[in-house]
Amino acid sequence: MTEPMSMNGNGNRAFSLTARDVAAIGFRHKRVMGLCFAGIVFGVLLSALLLPSQYKAETKLLVNRERVDPVVSADASAPITFHDTVSEEELNSEVELIQSEDVLRKVVLEQGLNKKKGLLSRLNRWTTGQMQVDKAVRRLRADLHVEALKKSNVIDISYESSSPAEASGVLHSLNQAYLQKHLEVHHPAGKAEFFDLETEQYKKALMDSEEKLKTFAAENGGVAPTAQRDMTLQKLSEFSATLEGTRAQIAETRQRIQQMESASQSTPSRMTTQIRKTPNAQVLETLKGTLLTLELKRTELLTKYQPTYPLVQEVDKQIADAKSSLVKEESTPLNEVTTDQNPTYGWLSGEMAKAQADLSGLQARQAATQAIVAVYTKKARELDTKGILHEDLIRTTKANEENYLLYAKKREEARISDAMDQTRILNVAVAQEPLTPALPSRSPWMFGLIGCFLAAVISTGVVLVLDYTDQSFRTPSEVLTELRVPVLAAVPRPMNMEGANGAPSNAKVAAGKTVITR
């Protein structure tokens, strides 16, 4: 057998760990143990009878990802981030949202929990309605049990109350208030009105810009200034090329005129076309006629006179002179020279006159072309300015149209979102509706068993404490252990000699011998 107990530093003995010693302790203090056990059991049963029954209602919320709303932004293609799983942070956020002050306050006001007054509230006359609401919210938060179940998307909510209808009603109001709060937090109100207002504004701006664009087009003949400018610039380019070509032709014509003038100065206006030598037929005929007449006269004179006759000699002399004149005329024929106009000079004169005429025409064309180029240049500048205004109107109209279409799309998205909100298509759903409990959450039998267990534990503890604080020797082993002397005998003590606790209180020691009486 092990040592049953030993003294500690305070003079108290440690308890024995053997089952026999524990049983002995119970028998020694059976009266105290019985009274303590009966009192505790009676108190627990009395409390179970006096305290009202508590009914526990339970509901469950499912957090899912069935609905994905586009991000509210000014971008035409707003990004949509989709996650098929619900994170732990999101579940904890929903748990905190359920326990938020305004949600609990709404539940308190709907269920009238602030009207339930306790004893202290009835005695305290200075308790205001707001204080009662705050206290009710505090009690509701303390009694409400909200927990996100592990490895799931379910939030478990339970609430206990003395009334079954109140327990289920509180959870029902809590579900409705939480769903409304979830809707307000994740889908703020006013989006449809905002986008509707912006859509109408941009629609009006679009109509105004289109009207300005039509008016501007009507003032410019219905043709876009940029198109007119492009056509004008094309014509301007053509006339500029024509002007440059005319200037080049003028320079070329002037150079031709200068060359022809220098060539005409060295070219005679007329040229010999034929030279012919012919005798003077008239003179020869005259001389031959005169010679014949003289010969006939000589012949006639010779018929009358002698050759020596002076008259005959005179005629002979005349005949000799006529013959010499005839021979002279025959030996010296007439030179017949034929001249005509020089064709080169004439061509040069004609070409020069033509070049002069061409030069005058080219100069006139140059002046006219310069005027046309100046007109087209001015018109191109005016059209360029009008084109800038036209492009600005087009950009404004396009921007208003894009904004109108964007906000119209956003308005439809907001309307769809509001429609889904009205039909409660949310990412949170009530997986289990709260039901009115018919049975209390604490069973009387279970309460009795718990009371018996507590009574047994407490009474056993009390007995052990009493035995621990008792300094008497009760067994020979205690004497042997504490005094270290042999025990001669152990005599049971009569019942009338027991102490108040029923424990032995007498031990005799003599000559190193110990006798214990019981």
* Glu314 versus (1) among the acidic types (Asp, Glu); (2) at pLDDT below 70; (3) surrounded by 14 or more Cβ atoms within 10 Å (Cβ to Cβ): which is the lone unmet condition? -> (2)
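Collect the residues in region 241-262 that are over 30 Å from Ser349 (Cβ atoms) and touching a helix residue (DSSP H, G or I) at 6+ places or on another chain (Cβ under 6 Å), keeping them in residue-number order.
First, the residues of region 241-262 that are over 30 Å from Ser349 (Cβ atoms): 241-244.
Within region 241-262, Thr242, Leu243 qualify.
Just checking, how many residues over region 301-333 are more than 28 Å from Ala281 (Cβ to Cβ) and without any contact (Cβ under 8 Å) to a residue 12 or more places away in the chain?
Taking region 301-333 and keeping what is more than 28 Å from Ala281 (Cβ to Cβ), we get 301-314.
Narrowing further to those that are without any contact (Cβ under 8 Å) to a residue 12 or more places away in the chain: 302-311, 313-314.
Of the residues in that region, 12 qualify.
Please verify whether Glu244 is in a helix (DSSP H, G or I) and at pLDDT 90 or above, treating the condition exactly as stated. Steps first, please.
Details: in a helix (DSSP H, G or I): yes; at pLDDT 90 or above: yes.
So Glu244 passes the test.
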* Asked: Out of Ile394, Ile372, which single residue is surrounded by 14 or more Cβ atoms within 10 Å (Cβ to Cβ), farther than 27 Å from Glu238 by Cα, of a type in the set (Val, Ile, Thr) and in contact (Cβ under 8 Å) with a residue 60 or more places away in the chain?
  -> Ile394
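Residue by residue, here is whether (1) buried (at least 19 other Cβ atoms within 10 Å of the Cβ); (2) over 41 Å from the mean Cα position of the chain (by Cα); (3) not in a helix (DSSP H, G or I) holds:
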site: Lys150; (1), (2), (3): no, no, yes
site: Ile155; (1), (2), (3): yes, no, yes
site: Ala167; (1), (2), (3): yes, yes, no
site: Leu171; (1), (2), (3): yes, yes, no
site: Leu174; (1), (2), (3): yes, no, no
site: Glu184; (1), (2), (3): no, no, no
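May I ask you to verify whether Val223 is within 27 Å of the chain's Cα centre (by Cα) and either part of a loop (DSSP other than H, G, I, E, B) or at pLDDT below 80 (or both)?
On the way: within 27 Å of the chain's Cα centre (by Cα): no; either part of a loop (DSSP other than H, G, I, E, B) or at pLDDT below 80 (or both): yes.
No, not satisfied.
Going by the structure shown, is Lys379 surrounded by fewer than 16 Cβ atoms within 10 Å (Cβ to Cβ), part of a helix (DSSP H, G or I) and at pLDDT 80 or above? Break it down stepwise before answering.
Working: surrounded by fewer than 16 Cβ atoms within 10 Å (Cβ to Cβ): no; part of a helix (DSSP H, G or I): yes; at pLDDT 80 or above: yes.
It is false that Lys379 is surrounded by fewer than 16 Cβ atoms within 10 Å (Cβ to Cβ), part of a helix (DSSP H, G or I) and at pLDDT 80 or above.
From Gln111, Gln54, which residue is over 30 Å from Phe453 (Cβ atoms) and modelled with pLDDT of 70 or more? Walk me through it before giving the result.
Values: Gln54 fails: over 30 Å from Phe453 (Cβ atoms).
None of the other options fit; the residue is Gln111.
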* Asked: Here are some conditions: (1) part of a loop (DSSP other than H, G, I, E, B); (2) modelled with pLDDT of 80 or more. Gly289 meets all but one. Which one does it not meet?
  -> (1)
* To do: Return only the number of the condition from (1) more than 30 Å from Arg415 (Cα to Cα); (2) part of a helix (DSSP H, G or I); (3) at pLDDT 85 or above that Glu160 does not satisfy.
  => (2)
* Residue in region 246-266 that is under 20 Å from Tyr376 (Cβ atoms), surrounded by 16 or more Cβ atoms within 10 Å (Cβ to Cβ) and not basic (Lys, Arg) present -> yes
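Based on what the data block shows, is Gly361 touching a Pro at 6+ places or on another chain (Cβ under 7 Å), farther than 30 Å from Ala281 by Cβ and assigned to a helix (DSSP H, G or I)? Give the steps one after another, and end with the answer.
Details: touching a Pro at 6+ places or on another chain (Cβ under 7 Å): no; farther than 30 Å from Ala281 by Cβ: yes; assigned to a helix (DSSP H, G or I): yes.
No.
Residues checked against (1) of a type in the set (A, V, I, L, M, F, W, C); (2) at pLDDT 85 or above; (3) assigned to a strand (DSSP E or B):
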| site | (1), (2), (3) |
| --- | --- |
| Gly387 | no, no, no |
| Thr397 | no, yes, no |
| Leu405 | yes, yes, no |
| Ala414 | yes, no, no |
| Ala419 | yes, no, no |
| Ala431 | yes, no, yes |
| Thr436 | no, no, no |
| Leu439 | yes, no, no |
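The values are calculated or read from the model by the stated rules, or taken from the named source; none is laboratory data. From a predicted model like this one, the values you see are computed outputs, not experimental measurements. All Cβ positions, even for glycine, are placed from backbone atoms using ideal geometry, and neighbour counts span all protein chains on display.
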